[in-house]
Amino acid sequence: MPRASSVASHAGTYWAHLADISSAWHKTYLTRELRVALFLTHACGWTQEEIAKHEQVSQRAISKRLTRGLELLTNHLNNGTIHTEEAAA
């Protein structure tokens, strides 16, 4: 496993991105359906078809969930907005 640079200016932005994503994941209201779609796609590398089969919905429904989930996370990262349950619907 490669070592991180001891000089902060040479370390890159990996940890900053990780902190931002973690913050958005915890502070943005995401329904279970949105979280599952986002996690299985981006963390596990599943295709939309695989997730649709797992969740017993159409591929189009998964596509919409991914789009909406990414919109909410991006909005939080860009504006610092903490969303409510109504925003995730």
message: Looking only at residues that are within 17 Å of Val36 (Cβ to Cβ) and open to solvent by less than 30 Å² (accessible area, probe 1.4 Å) in the range 68-89, which one is modelled with the highest pLDDT?
response: Gly69
query: Inside the range 42-81, can you point out the residues that are more than 18 Å from Asp20 (Cα to Cα) and polar (S, T, N, Q)?
result: Thr47, Gln48, Gln56, Ser58, Gln59, Ser63, Thr67
task: Would you tally the residues in the range 44-67 being under 13 Å from the mean Cα position of the chain (by Cα) and either assigned to a loop (DSSP other than H, G, I, E, B) or at pLDDT below 95 (or both)?
output: 2
message: So, Glu55, is that one open to solvent by less than 50 Å² (accessible area, probe 1.4 Å), touching a helix residue (DSSP H, G or I) at 6+ places or on another chain (Cβ under 8 Å) and over 17 Å from Leu77 (Cα atoms) or not?
response: yes
All positions within the range 35-52 that are touching a Leu at 6+ places or on another chain (Cβ under 8 Å) and open to solvent by less than 40 Å² (accessible area, probe 1.4 Å): Ala37, Leu38, Thr41, Ile51
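The values are calculated or read from the model by the stated rules, or taken from the named source; none is laboratory data. Note that the structure is predicted; figures quoted are calculated from it, not measured. Every residue, glycine among them, receives a Cβ derived from its backbone with ideal geometry; neighbour counts consider all protein chains shown. Heads up: the accessible areas ignore ligands, DNA and RNA and are worked out on the full protein's heavy atoms, side chains in. Shrake-Rupley method; radii C 1.70, N 1.55, O 1.52, S 1.80 Å.
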